[in-house]
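One structure is given here, and the rest of the page talks about it.
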Amino acid sequence: MPRGVPPGHSAMGGLEPSARSAGYATALNRAFDDLVARAREDLPALGALASESGCIDLPVLGEVFRIDPADRTVTRAVDGPEIRIEWRIIALHYLLARPGPVESSRWVGFRDLPEGRVYGDVFRKRVLDRIVSTAGKDREGFVRAGLALGGERVAVGDEGFSFRVFPRLRVAVGWFAADDEFPPDAAFLYPDDVLSMLPIEDIIVLAERVAARLHDAAEGKRG
């Protein structure tokens, strides 16, 4: 996830926990430095709202994150607790993005992205297998989780939902029923311009967090 760290390290769990935590802290501080220097007039194009107090409100997967560059905090706008550091970093990196003028409507899989094939097996284990073993154990559970997380149905797999993670970034998750030869399976899709908004390390962790939120939604928990 930290910019400049090769995929397969901090994003894919290749570092020891202490080193990974240090990398996250460094990435978070660097992102806040970059955000302070970013022109505020660019934020509305990303769906963010800057207040006179200096805080920035950003819709994230059905809720609102409040980013305070002065205090260097990212909290839920409604009840205030600070959120997971992975979400904090991804949200800040999104606010530094410069996406194209038109939102892409073409989906691609992780393996279709640069370096995606190299890390495809790890992505399957960390994201797709997790979806199938939790929220996607069966059709009913997957549908329940998708609806609870605010998903909109899309034609991906036997059941599919798209989720607006950020105002200019949707992802889609598809579920495939088991048959005589294969167990249930899942697909995770991104818009084909995703790398104009987030680096490869972030989009890996983003998928992991969406998978975790689906699991929480299936269990009736808040992620």
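The values are calculated or read from the model by the stated rules, or taken from the named source; none is laboratory data. All values derive from a computational prediction rather than experimental measurement. Using ideal geometry, Cβ is built from the backbone for each residue, glycine included, and neighbour counts are taken over all protein chains shown. Quick note on the areas: whole protein, heavy atoms, side chains included, nothing else; ligands and nucleic acids left out. Shrake-Rupley method; radii C 1.70, N 1.55, O 1.52, S 1.80 Å.
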>> For segment 26-103, compute the orientation-averaged projected area of the C-alpha convex hull (one quarter of its surface), in nm².
In response: 5.3
>> From the helices alone, meaning DSSP H stretches of at least four residues, give me the mean residue ellipticity at 222 nm for the chain, per-run term -39500 (n - 2.57), in deg cm²/dmol to the nearest 500.
In response: -9500 deg cm²/dmol
> Per residue, how much accessible area does the chain have with a 1.4 Å probe, in Å²?
Replying inline: 47
>> Treating only the Cα positions of the chain as identical point scatterers, give the base-10 log of I(q)/I(0) from the Debye formula at each q in 0.07, 0.09, 0.18 Å⁻¹.
In response: -0.21, -0.35, -1.43
>> Given a Förster distance of 22 Å, report the FRET efficiency between residue 78 and residue 49 from their Cβ-Cβ distance, rounded to the nearest 0.05.
In response: 0.90
> So, with a 1.4 angstrom probe, what is the percent of accessible area on segment 78-223 that is carbon and sulfur?
Replying inline: 49
> For 190, 24, what's the largest-to-smallest order of accessible area, 1.4 Å probe?
Replying inline: 24, 190
> Out of residues 5 or more away from residue 108 or on other chains, whose amide H comes under 5 Å of its own, with H placed 1.01 Å from N in the peptide plane?
Replying inline: 190, 192
> By per-residue mean of other Cβ atoms within 10 Å, what is the highest-first order of 108-116, 205-213?
Replying inline: 205-213, 108-116
> Using a 1.4 Å probe, how large is the accessible area of residue 53, given in Å² and rounded to the nearest 10?
Replying inline: 90
> Hey, quick one: spin label on residue 25, modelled 7 Å out along Cα-Cβ, who in segment 70-111 has an amide N within reach, i.e. under 19 Å?
Replying inline: 71-74, 82-90
> Going by average Cβ neighbours within 10 Å, how do the peptides 164-174, 79-89 rank, with the highest at the top?
Replying inline: 164-174, 79-89
> What FRET efficiency do you get for residue 36 and residue 106 if R0 is 41 Å and r is their Cβ-Cβ distance, rounded to the nearest 0.05?
Replying inline: 0.75
